[in-house]
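Chemist: I have a structure I would like to understand better, so I am pasting it below and will then ask my questions one at a time.
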Amino acid sequence: MMMKRLPLPLWTIATPILAWIAYFGNSLNLGNFYIIILAAVLIGSVLAAVHHAEVVAHRVGEPFGTLLLALAITVIEVALIVSLMLTGGPETGALARDTVFAAVMIILNGIIGICLLTGGIKFKEQTFSLQGVSAALVTLTSILVLTLILPNFTTSKSGPEYSPVQLIFVAIVCLVLYGAFVLVQAIRHRDYFLPPDADGNEEIHADPPTAKVALWSGILLLVCLGIVVLLAKALAPDIEDAVIQAGAPKSLVGVIIAAVVLLPEGLAAYRAAKKNRLQTSLNLALGSALASIGLTIPAVAIVSIVTGMSITLGIDTKDMVLLLLSQFTIMLSLATGRTNLLQGVVLLVIFMVYLFTIVAP
């Protein structure tokens with residue numbers, strides 16, 4: 001008698017289960033070897049999350065699939081930042097800023113750069129809907145300036161911080177801007193975020209998974225995302241110790257956290273670009289950047305108000321220059337509705353400069 005075939009790959013089911021078992025075994029203090037095991041199951045859970053997210057995204061269709069994944073990734077980021085802030089005390093006042101800024105730089109330069117380079121090498125040119133990208137970029141530019149740059153120039157409170165009243169106001173503004181973007185993306189102008197060549201793309205019109213398979217993938221996606229948060233939090237002290245021992249700035253911790261959180265999104269965007277679905281890649285990347293900053297800042301603001309903890313939001317002059325360069329470059333790169341490998345190379349070079357100046361400021 002033949003065994004009944006599983007509707008999902010076995011490794012995508014087994015990996016998060018093993019990760020949860022490994023997480024609870026962490027209390028046994030088994031040493032550095034166990035830390036390597038935790039890191040391995042963390043990466044495995046991230047890969048499993050990518051698979052389940054793609055199954056769910058295919059079932060619900062564009063742009064809801066990419067919106068769902070962006071929100072799921074942001075929930076991880078918010079939960080991780082807030083939990084580390086609450087356990088770390090005042091010393092983590094700049095963690096939200098460092099992580100959000102790192103996430104934006106990773107997305108705009110790293111993820112989009114890799115996608116454009118990959119697509120340019122394989123297909124020479126790729127196209128996308130200019131209206132959708134323009135809507136995302138104009139919203140992202142406003143939120144970035146209001147949250148990461150403006151605090152350096154306000155006078156109600158000294159330093160790169162907002163006063164409580166200003167923080168509440170900016171948090172509300174972030175929610176309004178992100179909510180307006182979601183309204184445009186999912187309801188009012190959904191066609192802006194659909195691939196321009198959707199009618200001829202076999203990938204898009206492939207048979208979607210059944211409702212039962214999509215439901216199981218949705219449940220397993222939550223299981224994967226949950227263990228990613230817990231494992232990242234468990235490994236955070238070891239990451240911080242390694243950064244300090246290496247003599248690198250503490251802000252590198254925020255970069256590592258952001259990279260771990262964004263790995264599912266980055267892999268999904270890369271896979272889409274390899275299949276000549278650049279619109280999906282850009283929906284994932286820009287939607288994630290908007291969700292990351294548009295939802296994380298309000299959550300951090302609530303923590304700040306409730307606990308009385310000071311939150312540093314303003315970035316320094318070096319980071320300000322790199323952020324503005326990144327935003328200006330991405331706008332020029334995506335200004336025509338067509339991309340090639342040159343834009344990818346330029347964005348990746350900026351990303352390398354960003355990483356280099358963290359270690360050697």
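Chemist: Out of 303, 355, 288, whose Cα points farthest toward the positive end of the dipole of the chain (charges: +1 Lys, Arg; -1 Asp, Glu; placed on Cβ)?
Modeler: 288
Chemist: Modelling each spin label as a point 7 Å along the Cα-to-Cβ direction, I'd like the residue 318/residue 305 distance in nm, to one decimal.
Modeler: Here the modelled spin labels are 3.5 nm apart.
Chemist: Express in Å², to the nearest 10, the accessible area of residue 92 obtained by rolling a 1.4 Å probe over the protein heavy atoms while all chains stay in place.
Modeler: Per-residue accessible area (residue 92): approximately 20 Å².
Chemist: Just one of [x] 71, 49, 37; [y] 62, 55, 44; [z] 68, 55, 36 is Cα extents along the principal axes in Å as worked out from the coordinates here. Which one is it?
Modeler: Calculated Cα extents along the principal axes in Å: the matching label is [z].
Chemist: Need one value: the accessible area of residue 191 in square angstrom, 1.4 angstrom probe, rounded to the nearest 10.
Modeler: So the heavy atoms of residue 191 present about 100 Å² to solvent.
Chemist: Now, a different point. Keeping all protein chains in place and using 1.4 angstrom, which order do 35, 219 fall into by accessible surface area, from largest down?
Modeler: Reading off the accessible areas and sorting them downward yields 219, 35.
Chemist: Please name whichever of 276, 180, 43 sits farthest to the positive end of the charge dipole of the chain, dipole taken about the Cα centre and charges placed at Cβ: Lys and Arg +1, Asp and Glu -1.
Modeler: Most positive-ward Cα: 276.
Chemist: Another question, then. Would you kindly find the accessible area of residue 52, with a 1.4 Å probe and non-protein molecules such as ligands, DNA and RNA excluded, rounding to the nearest 10 Å²?
Modeler: For residue 52, solvent-accessible area is about 0 Å².
Chemist: Please identify the helices of the chain, taking whole runs of DSSP H, that span at least 20 Å along their own axis as judged from the Cα atoms and have a mean Kyte-Doolittle score of -0.5 or higher.
Modeler: Within the chain the helices that satisfy the rule are 10-24, 32-60, 64-88, 130-144, 164-183, 211-245, 251-274, 278-307, 317-333, 341-359.
Chemist: Leaving ligands and nucleic acids out of the surface, order 277, 271, 188 by accessible area at 1.4 Å, largest first.
Modeler: Putting 277, 271, 188 in descending order of accessible area: 188, 271, 277.
Chemist: Mind ranking 296, 210 by accessible surface for me, highest first, 1.4 Å probe?
Modeler: Listed by decreasing accessible area, they come as 210, 296.
Chemist: A further question follows. Could you tell me how far the Cα centroid of the range 125-153 sits from the Cα centroid of the range 207-267, in Å?
Modeler: 24
Chemist: Another question about this same structure. Modelled label-to-label distance, residue 189 and residue 37, 7 Å Cα→beta-carbon offset: nm?
Modeler: So the label points at residue 189 and residue 37 sit 5.2 nm apart.
Chemist: If you stretched the chain out fully between residue 345 and residue 241, how much longer would it get, using 0.36 nm times the residue separation minus the C-alpha to C-alpha distance?
Modeler: Difference between extended and current length: 34.1 nm.
Chemist: Helix-only mean residue ellipticity at 222 nm, the chain, DSSP H runs n ≥ 4 weighted -39,500 (n - 2.57), per residue, nearest 500. What is it?
Modeler: -24000 deg cm²/dmol
Chemist: Continuing with the same structure: Can you check what the net charge comes to around residue 315, using other residues whose Cβ is under 13 Å from the Cβ of residue 315 (Lys, Arg +1; Asp, Glu -1)?
Modeler: -2
The values are calculated or read from the model by the stated rules, or taken from the named source; none is laboratory data. Computed from a prediction, not measured in an experiment: that's the story for all the values here. FYI the Cβ positions are ideal-geometry reconstructions off the backbone, even for glycines, and counts take in every protein chain you see. Note: areas computed on protein heavy atoms with side chains; ligands, DNA, RNA excluded. Shrake-Rupley method; radii C 1.70, N 1.55, O 1.52, S 1.80 Å.
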